[in-house]
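Note sheet for the following structure.
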Amino acid sequence: MEFPNYFADAESSFKQASFILFGVPFEKTSSFRHGADKAPFEVRQASWNFERYDLRTGINFEEILVHDYGDLDVSKMNSKQVFDATKTFTATLLKEQKIPFAIGGDHSITPGIVSAFPKDIAVISLDAHMDFRQEYKNDIYNHACVIRRVADHVPLKNIAVLGIRSGEKEEYELAQKENLFFRDAFTINKLGLKKIIQQTKTLLKGKKIYLTLDIDVIDPAYAPGTSTPEPLGLTPLQVIEIIEAFSPQLIGGDLVEVCPPYDHGQTAVLAAKLIQTSISWIWRSSQA
Ligand SMILES: [Mn+2]
């Protein structure tokens, strides 16, 4: 069965909307499994599964002014062109005071979006991977270099990476040497998520935050349909807790790396739920 090809209840006009959802079906930099370009479609389809009322926020999703712009046409672009296109598009949204939320695509779609924001924002990256390489496969815009590219725009001290459990030895050493704030999945489980949220809040106190949510931060038992699955991850409820904790500071976000050909639907449903929840929490925080 096919549902309309827009996110459920995202029925505001562009002009009226506070939130603009848009798809960036780009996945040319994926290094293991291919198919993340199918994610915007599948995540939108999955979104029609939910009831509108959110138990925890007490908000009916249809009350929220969300416009689904559709997908950016990136099919013939390389990673540098996608960087430029997402930056330009996001800049037009910010000029209109909109809150952007992108559906990837692989993680390489994030730095262009972030580059449209002022340089003094902060970024939280939820990801299984360090993504701190200077370049990968001769491409500085590869999905394995996301945090590096974000750090070209945002000061490194404004970046927090949570949930990692994969990276090259050199990446870890460099991250430590350069004082990148990161907390791996093991430390989160050992110290407890509350403690880690507290530490992250101290780091990013008073800052506006962009959230990039790589679905592979979540354990592949919950989210198997992803490009580079990495066992021993966070649970969906831990991720929801992080989103809730930072929602008063969030000014935009993305959800990336869903890979439908390796999914039985559960990853797309979870991704849609995380998008719906993120938007609901940001909306609720803005109403308070
Ligand atoms: Mn990742």
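On the stretch given as region 114-124, residues that are surrounded by 22 or more Cβ atoms within 10 Å (Cβ to Cβ) and touching a helix residue (DSSP H, G or I) at 6+ places or on another chain (Cβ under 6 Å) total 3. Answer yes if at least one residue in region 233-244 is under 17 Å from the mean Cα position of the chain (by Cα), more than 16 Å from the ligand (Cβ to nearest atom), within 30 Å of residue 97 (Cα to Cα) and outside any helix (DSSP H, G or I), and no otherwise. Looking for residues that are under 17 Å from the mean Cα position of the chain (by Cα), more than 16 Å from the ligand (Cβ to nearest atom), within 30 Å of residue 97 (Cα to Cα) and outside any helix (DSSP H, G or I), one finds none in region 233-244, hence no.
With respect to the conditions (1) touching a Phe, Trp or Tyr at 6+ places or on another chain (Cβ under 9 Å); (2) over 25 Å from residue 77 (Cα atoms), residue 142 falls short on a single one, namely (2).
From the list 247, 227, the one residue that fits, being among the polar types (S, T, N, Q) and within 16 Å of the ligand (Cβ to nearest atom), is 227.
Among the residues of region 173-196, is any part of a helix (DSSP H, G or I), touching a residue at least 12 places away in the same chain (Cβ under 8 Å), charged (D, E, K, R) and touching a Lys or Arg at 6+ places or on another chain (Cβ under 8 Å)? Within region 173-196, none of the residues are part of a helix (DSSP H, G or I), touching a residue at least 12 places away in the same chain (Cβ under 8 Å), charged (D, E, K, R) and touching a Lys or Arg at 6+ places or on another chain (Cβ under 8 Å).
Considering every residue within region 265-273, establish whether at least one is among the β-branched types (Val, Ile, Thr) and in a helix (DSSP H, G or I). Among the residues of region 265-273, at least one is among the β-branched types (Val, Ile, Thr) and in a helix (DSSP H, G or I), which makes the answer yes. Given the conditions (1) surrounded by fewer than 24 Cβ atoms within 10 Å (Cβ to Cβ); (2) part of a helix (DSSP H, G or I), and given that residue 111 satisfies all but one, which numbered condition is not satisfied? Result: residue 111 passes all but (1). The number of residues in region 254-273 that are crowded, with 24+ Cβ neighbours inside 10 Å and within 15 Å of the ligand (Cβ to nearest atom) comes to 8.
Residues considered: 199, 176. Of these, the only one that is closer than 16 Å to residue 124 by Cβ and more than 16 Å from the ligand (Cβ to nearest atom) is 199. Looking at 62, 27, just one residue is surrounded by fewer than 17 Cβ atoms within 10 Å (Cβ to Cβ) and modelled with pLDDT under 95, and that residue is 62. Among the aliphatic types (A, V, I, L, M), within 16 Å of the ligand (Cβ to nearest atom) and in a helix (DSSP H, G or I): does that describe residue 124? It is false that residue 124 is among the aliphatic types (A, V, I, L, M), within 16 Å of the ligand (Cβ to nearest atom) and in a helix (DSSP H, G or I).
The values are calculated or read from the model by the stated rules, or taken from the named source; none is laboratory data. Since the model is a prediction, treat every value here as computed from it, not as a measurement. Don't worry about glycine lacking a Cβ; one is built from the backbone with ideal geometry, like all the others, and counts go over all protein chains shown.
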